[in-house]
Amino acid sequence: MSVLRGLVDRRVAETVRGRLATEQVVVLEGPRAVGKSTLLRAIGGSLGRKIIDLDDLATREAVRADPARFVDGDAPVLIDEFQHVPELLDAIKAELNRDGSPGRFLITGSTRYATLPMTAQALTGRAHRILILPLSQGEIAGVKERFAQRLIDEPATLLETRDGGERREEYIRRVVAGGFPPVLRRSSAAERSRWFDDYVELVIERDALDVSRVRQRSALPALLARLASQTGQVLNIATAARAVGIEKSTAENYTKLLEAVFLIQRLPAWGRTLGSRVGVAPKVHLLDSGLAARLLRLTESKLGERSASALTELGHLLETFAVGEICRQLDWLDSPTHAGHWRTHDGQEVDLIVEREDGRVVAVDVKARSTVAGDGLSGLRALRRKLGDQLLASVVLYTGPHAYAHPDGHLVLPLSRLWAA
């Protein structure tokens with residue numbers, strides 16, 4: 001895979017350069033170890049700009065002592081891990097008051113921008129955020145994916161590609177590996193497991209505790225593991241709180257904290273205007289399927305077992321994997337979209353809803369099976385009855401080899417179509 005040979009061509013780099021032409025401040029936010037600093041260095045190298053690295057303690061103290069001195073350089077000023085010195089944002093605001101030209105600042109952060117109290121006050125309306133996530137499967141393979149673009153523009157063309165699907169074992173391998181570059185460079189399962197364990201400890205100790213005071217520090221990794229067991233499912237904080245032995249209110253605060261440092265994300269409920277029977281709770285997804293698998297102690301061999309429990313576990317992880325792949329691709333597009341999930345109180349559900357700016361909708365379900373039976377389409381059928389012509393297309397991603405149009409009109413596609421050229 002290309003990631004093992006050197007620098008990966010990040011699709012988001014094109015988006016970043018485009019936004020610098022129009023936005024005063026571009027914020028690259030996302031988990032640690034996904035390549036934000038690498039992307040910043042690449043842009044800095046092409047422009048002949050130095051990077052202010054706030055992960056470096058000496059630099060951090062110098063910036064904290066005199067932030068105005070570090071923000072008045074030639075544009076764009078490049079700052080890595082800005083959350084370590086949030087007061088720097090006030091200095092950026094003052095500088096923008098003098099010169100509000102586009103492309104003044106490009107900054108990165110491993111904490112969600114909106115979670116820092118000073119941020120909302122300092123750069124409201126002036127900062128454009130771009131989410132940098134673990135590598136997509138296309139980036140790993142050196143392929144420029146167009147699945148999301150075709151999904152929202154011309155979904156019927158997704159049937160035209162003639163490539164077959166991958167074997168179930170290969171899908172499991174991809175899910176367990178995830179997309180963190182340091183993991184993909186490790187050759188053994190034991191090395192990858194150690195990296196994930198160290199990563200969780202680092203993020204909790206270095207980032208989470210910087211964002212908020214935590215009285216029950218040991219509860220954070222335990223809560224994360226419980227939330228991992230809910231990945232691809234409706235978020236139930238009360239259940240997780242009971243399992244960890246903490247108050248629900250504490251678990252809610254800690255869940256927000258884990259979200260702030262990009263360990264988990266919520267997929268909001270969609271379709272509240274469709275009636276009172278529609279659920280309003282979000283789903284929870286781990287930011288990376290490989291991290292989820294490690295937290296759940298699920299290996300390739302365990303997920304490959306021919307058992308009902310293994311199939312259920314694979315189903316949740318595969319949903320997290322596929323939803324993550326599609327949402328990455330949506331982030332690269334200029335067309336505004338809104339993503340969510342749909343679930344009714346009587347159990348009908350669709351894993352991913354993508355709504356275009358004009359209100360047209362595409363629906364995607366993910367199945368960890370090599371065949372698509374009629375009873376597995378009930379959620380998509382129910383949604384079609386609700387939406388009528390508003391539903392542009394409905395898609396089933398599965399582990400089988402063939403792409404075809406189901407008699408009901410749904411597009412049935414191999415999961416590998418997500419990263420096909």
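The values are calculated or read from the model by the stated rules, or taken from the named source; none is laboratory data. Computed from a predicted structure; not experimentally measured. Don't worry about glycine lacking a Cβ; one is built from the backbone with ideal geometry, like all the others, and counts go over all protein chains shown.
If you check ARG17, ARG10, which single one turns out to be surrounded by fewer than 21 Cβ atoms within 10 Å (Cβ to Cβ), within 28 Å of ILE264 (Cβ to Cβ) and at pLDDT below 95?
Numbers: ARG17 fails: within 28 Å of ILE264 (Cβ to Cβ).
Step by step, each of ARG17, ARG10 is checked, and only ARG10 is surrounded by fewer than 21 Cβ atoms within 10 Å (Cβ to Cβ), within 28 Å of ILE264 (Cβ to Cβ) and at pLDDT below 95.
Hey, can you tell me all the residues within region 11-52 that are farther than 26 Å from GLY142 by Cβ and assigned to a loop (DSSP other than H, G, I, E, B)? Give the steps one after another, and end with the answer.
Restricting attention to region 11-52, the residues satisfying the condition of being farther than 26 Å from GLY142 by Cβ are 21-25, 27, 48-52.
Result: ALA21, THR22, GLU23, GLN24, GLY48, ARG49, LYS50.
Would you check which residues across region 53-84 are in a helix (DSSP H, G or I), within 19 Å of ARG41 (Cβ to Cβ) and within 31 Å of the chain's Cα centre (by Cα) and list them?
THR59, ARG60, VAL63, PHE82, GLN83, HIS84
GLU166 passes all but one of (1) buried (at least 21 other Cβ atoms within 10 Å of the Cβ); (2) more than 25 Å from LEU295 (Cα to Cα); (3) in contact with a Ser or Thr (Cβ under 8 Å, 6 or more places away or on another chain); which number fails?
Status for GLU166: all satisfied but (1).
Considering (1) touching a strand residue (DSSP E or B) at 6+ places or on another chain (Cβ under 7 Å); (2) at pLDDT 95 or above, say which one ILE43 fails and leave the rest.
(2)
Mind listing whichever residues of region 277-309 are touching a strand residue (DSSP E or B) at 6+ places or on another chain (Cβ under 8 Å) and either among the polar types (S, T, N, Q) or surrounded by fewer than 21 Cβ atoms within 10 Å (Cβ to Cβ) (or both)?
Of everything in region 277-309, those that are touching a strand residue (DSSP E or B) at 6+ places or on another chain (Cβ under 8 Å) and either among the polar types (S, T, N, Q) or surrounded by fewer than 21 Cβ atoms within 10 Å (Cβ to Cβ) (or both) turn out to be ARG277, VAL278, GLY279, VAL280, ALA281, PRO282.
Of the residues THR111, THR115, which is closer than 30 Å to ASP55 by Cα, among the polar types (S, T, N, Q) and out of contact with any strand residue (DSSP E or B) (no Cβ under 8 Å at 6 or more places or on another chain)?
From the options THR111, THR115, the qualifying one is THR115.
Tell me the helices (runs of 4 or more DSSP H) entirely within region 85-197 that contain at least 3 residues that are more than 30 Å from LEU296 (Cβ to Cβ), of a type in the set (Phe, Trp, Tyr) and over 22 Å from the mean Cα position of the chain (by Cα). Walk me through it before giving the result.
Numbers: elements: 88-98, 117-122, 137-141, 147-153, 168-177, 181-184.
Of the helices (runs of 4 or more DSSP H) lying wholly inside region 85-197, none has at least 3 residues that are more than 30 Å from LEU296 (Cβ to Cβ), of a type in the set (Phe, Trp, Tyr) and over 22 Å from the mean Cα position of the chain (by Cα).
Can we say GLU160 is closer than 23 Å to HIS316 by Cα, out of contact with any Ser or Thr (no Cβ under 7 Å at 6 or more places or on another chain), in the same structural domain as GLU357 (by TED's automatic domain parsing) and surrounded by fewer than 21 Cβ atoms within 10 Å (Cβ to Cβ)? Spell out the reasoning first.
Details: closer than 23 Å to HIS316 by Cα: no; out of contact with any Ser or Thr (no Cβ under 7 Å at 6 or more places or on another chain): yes; in the same structural domain as GLU357 (by TED's automatic domain parsing): yes; surrounded by fewer than 21 Cβ atoms within 10 Å (Cβ to Cβ): yes.
In short, no.
May I ask you to verify whether THR312 is assigned to a helix (DSSP H, G or I), of a type outside the set (Gly, Ala, Ser) and surrounded by fewer than 16 Cβ atoms within 10 Å (Cβ to Cβ)?
Spelling it out, THR312 is indeed assigned to a helix (DSSP H, G or I), of a type outside the set (Gly, Ala, Ser) and surrounded by fewer than 16 Cβ atoms within 10 Å (Cβ to Cβ).
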